[in-house]
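Scroll down for the structure; my scribbles are underneath it.
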Amino acid sequence: MKFGINTYLFSSPFTNESISCFPLFKKWGFDFVEIALEDPANIDPELVRKALDDNGLECRSVCAATGKGRDLRGNRKEQITSMEYIQELINIAPVLGSSLVAGPVYSAVGRAGLVPEEKKSKQWNLVVKNLKSLTSYAEKQKVKLAIEPLNRYETDFINTCDQAIQLIEDVGSNALFVHLDSFHMNLEEKDPALAIKKAGGKLALLHASGSDRGTPGGDQINWERIFAALDNINYQGDIVIESFTPDVKIIAKAASIWRKIEPSKEVIAIDGLNFLRSLAF
């Protein structure tokens, strides 16, 4: 098991200049960096890879940013835009040293409403069709995709692990996995530990965030049960701290961070990592 940090905590959008954070991440004890890449054109992948290597870090996952206009269930233009974006991430991931692209790749974040079953069924079939194409492309690049259920305020499409598993079954690709997040599970799952057990071998990534989006361990989540469930499925994957502060304005607005939850982003990173490592089996 390795522990990483999502770059959203320190920068957005991620650019070549964002590599200045890498020495700190290494100093604090992280094994790897999860790069949240809003726009692939913002970086020179080889430059970023060299900075990772120079600091003894890996990029083990690339986090997709599916904002407005990137939607596999949207209009034709939105579908094409989203497909092209995700394909770019699939191409860049191996250059960065990663074999995983994760996140809510199925829909634009923030799209949420009460949709009639007939319309939702059509959206579902559309996403399945588009994911079949994307996973086929990913397989050729030896990259995996992991879909992340989000809370009800951020999507009406995939909120639970059960829904993610059903989508994976309908797509029918060995390149498609589940990406769970403690914050979203705390809102949507009856039992987050049970959700982890249901994901089983299909769990490719776990995001660790406090119930208030703050430091893992300084919140009401039952982390002991989370780690017991990970042990139960013999999870050998990665755990990434993905928390937010008002300092990164774009993400603060997107994640509804309207107040200072923790003393600093450094506290979230350092204390969160120490806490998670203390529970690791």
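Take the residue pairs Lys26/Lys50; Lys77/Lys249; Lys120/Lys198; Lys129/Lys190; Lys68/Lys265 and return only those whose Cα atoms are more than 18 Å apart.
Beyond 18 Å between Cα atoms: Lys77/Lys249; Lys120/Lys198; Lys129/Lys190; Lys68/Lys265.
Taking only C-alpha pairs under 8 Å that are 6+ residues apart, what is the relative contact order of the range 2-279 in percent?
Result for the range 2-279 is 17 percent.
List the relative contact order of the range 15-91 as a percent without decimals, with contacts defined as Cα pairs under 8 Å and 6+ residues apart.
Reported relative contact order: 30 percent.
Hand me the trypsin sites (Lys or Arg not before Pro) from the range 234-281 located in a DSSP loop with no more than 15 other Cβ atoms within 10 Å, in residue order please.
Arg259, Lys260
Divide, for the range 2-279, the radius of gyration over alpha carbons by 2.2 N^0.38 Å, where N is the residue count.
0.93
Over the alpha-carbon set of the range 228-281, work out the extent along each principal axis and list the three values in angstrom, largest first.
38, 20, 14
I need the helices of the chain that pass two filters: whole DSSP H segments spanning 24 Å or more by Cα along the axis, and mean Kyte-Doolittle score no lower than -1.0.
Going by DSSP H runs, the hits are 76-96.
Quick one: check the C-alpha center-to-center distance for the range 229-281 versus the range 110-134, whole angstrom.
One Cα centre to the other: 30 Å.
When the helix-only estimate is applied to the chain (DSSP H runs of n ≥ 4, each -39,500 (n - 2.57), divided by the residue count), what is the mean residue ellipticity at 222 nm, nearest 500 deg cm²/dmol?
-13000 deg cm²/dmol
What is the percent of Cα-Cα separations in the range 75-134 that go past 14 Å?
When all Cα pairs of the range 75-134 are counted, 64 percent exceed 14 Å.
A short reminder: the numbers here are calculations on the coordinates, not readings from a lab. As the structure is a computational prediction, the values presented were derived from the model and not from experiment. Methodologically, a virtual Cβ is constructed for each residue, glycine included, from the backbone with ideal geometry; neighbour enumeration extends over all protein chains shown.
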